[in-house]
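Just below is one structure, and these are the notes that go with it.
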C-alpha cells in the first residue's frame, strides 16, 4: 500500500512492477542483474482517485500515460533494485500529490491606462525606427 496523502492511498493491486536490465555504467553487473524497475499504476481504474484528479494526472503524466489508462514509470537511477523501487514509488506519489492540487481560476483583469499608453508609445517608436530603414536616396 502506497500512502499519498491523508485521504488517498494506492492499493497494492493497482501497482505492478517488472524488473529489466538497466542501461549505462555498471560494468559486468549491468549485463547480469535486472536492477531497473518499471512501475505500472492503473490510474484510470483506481477507485481511490476522484475523476478530476485523474484528469489532472493524465495531463501531468504526459507520455507516461498509456492508452489503457495506466501510468508507467521507469527508474534506473541506482544499481540497487530495492532503491530503484523506492524511487519509483516516491515519484508516483509525488505525481499524484501534484494532481491533487486544483489549479486556481484565473481572474480576468484589464490592462491599466498607463500600460496601454506605454505599449502604444513603444509601438510608435518602433514604427519610426523601421521607417528610417528605407532606401537612402542620394542628393545631387
Find the residue count for segment 99-130, including only residues that are modelled with pLDDT under 90 and either surrounded by 10 or more Cβ atoms within 10 Å (Cβ to Cβ) or more than 28 Å from the chain's Cα centre (by Cα) (or both).
-> 2
Could you check how many residues of segment 44-53 are under 29 Å from residue 81 (Cα atoms) and under 16 Å from the mean Cα position of the chain (by Cα)?
-> 0
In a loop (DSSP other than H, G, I, E, B) and at pLDDT 80 or above: does that describe residue 18?
-> no
Residue by residue through segment 95-118, note down the ones that are under 20 Å from residue 57 (Cβ atoms) and either in contact (Cβ under 8 Å) with a residue 24 or more places away in the chain or in contact with a helix residue (DSSP H, G or I) (Cβ under 9 Å, 6 or more places away or on another chain) (or both).
-> 95, 96, 97, 98, 99, 100, 101, 102, 103
Taking into account only those residues within segment 47-63 that are out of contact with any strand residue (DSSP E or B) (no Cβ under 7 Å at 6 or more places or on another chain) and not in a helix (DSSP H, G or I), which is surrounded by the most Cβ atoms within 10 Å (Cβ to Cβ)?
-> 49
Would you mind stating whether residue 10 is touching a helix residue (DSSP H, G or I) at 6+ places or on another chain (Cβ under 7 Å) and either surrounded by fewer than 18 Cβ atoms within 10 Å (Cβ to Cβ) or under 15 Å from residue 89 (Cβ atoms) (or both)?
-> no
Check on residue 116, more than 22 Å from residue 5 (Cα to Cα) and assigned to a helix (DSSP H, G or I) = yes
Could you tell me whether segment 34-41 includes any residue that is over 18 Å from the mean Cα position of the chain (by Cα) and exposed (fewer than 15 other Cβ atoms within 10 Å of the Cβ)?
-> yes
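The values are calculated or read from the model by the stated rules, or taken from the named source; none is laboratory data. On a predicted model such as this, the values are computed, not experimentally measured, just so you know. Here Cβ is always computed from backbone atoms with ideal geometry, including for glycine, and neighbour counts include all displayed protein chains.
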